[in-house]
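Bear in mind that the values in this text are calculations on the coordinates, not laboratory data. As the structure is a prediction and not an experimental result, all values here were calculated from the model. We place every Cβ from the backbone using ideal geometry, glycine too, and count neighbours over all the protein chains shown.
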Amino acid sequence: MAALPSVDVEESETPVSRGMPELEIEHLIAYVVLLVAVGFSAFFLAPEATIRVQPLNDHILHITAAQHAASALSNGHDPTDSWFAQIGLGYPLFRHYQHLEYIPLAVINVLTGRAISIQALIDWSTVVMLSLFPLSVFWSMRRFGFGTLAGAFGGLAAPLLATNGLYGFDFASYVWRG
């Protein structure tokens, strides 16, 4: 067999990259898109926490349950296992209903000497959690193997998720209008 002729290849100088590498630009775009999504949600949800209105729907139960947990905590009782007398003749609500979300609110309320009301804590925590929802969608999409930009645009679309009165992920399920 005849040997293949060797070809001398001149090594060309690698071009010097000017500006940011493509990957860094992609991450920058993703962060800006996520910042817009979070900022948009925070801006339009802020009135839910700043304007005082009479709470509706399940909000009444959440306020009462958080107040009950704060009262139990300040009296030295277990806030996760107490008798909730506001329902009928009483009911062990936290044995049959999730109670984790009320504990941090009750702790903050008690630690501040009740300077921050339970209703304000619930309103602000709702605004913060709904505003950060796009970050949750971004993180989840990245874990599923989507690219950085795809995850960022998924996060951008997250506040737009809505149902026709079915109380899903849309804002109407969580804020005063809901």
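Quick notes
- With Cα atoms, 0 to 90° folded angle of helix 148-157 axis to the chain main axis: 40 degrees
- Between helix 102-111 and the chain there is an angle of about 70 degrees, using the helix long axis and the longest principal axis of the Cα atoms.
- Efficiency of FRET between residue 98 and residue 24 - r from beta-carbon atoms, R0 41 angstrom, step 0.05: 0.50
- Fewest neighbouring Cβ atoms within 10 Å first, the residues 129, 141 line up as 129, 141.
- Taking amide H atoms as placed 1.01 Å from N in the peptide plane, the amide H of residue 91 lies under 5 Å from those of 84, 85, each 5 or more residues away in sequence or on another chain.
- Listed by Cβ neighbour count within 10 Å, with the fewest neighbours leading, 139, 124 appear as 139, 124.
- Counting beta carbons within 10 Å around each of 63, 108 and listing the fewest first gives the order 108, 63.
- Dipole magnitude (debye, nearest 20) for the chain, charges at Cβ of Lys, Arg, Asp, Glu: 1000 debye
- Degrees separating the helix 133-143 axis from the principal Cα axis of the chain, which is the longest one: 50 degrees
- Values of log10 I(q)/I(0), in the order q = 0.18 Å⁻¹, for the chain under a Debye, Cα-only, solvent-free model: -1.16
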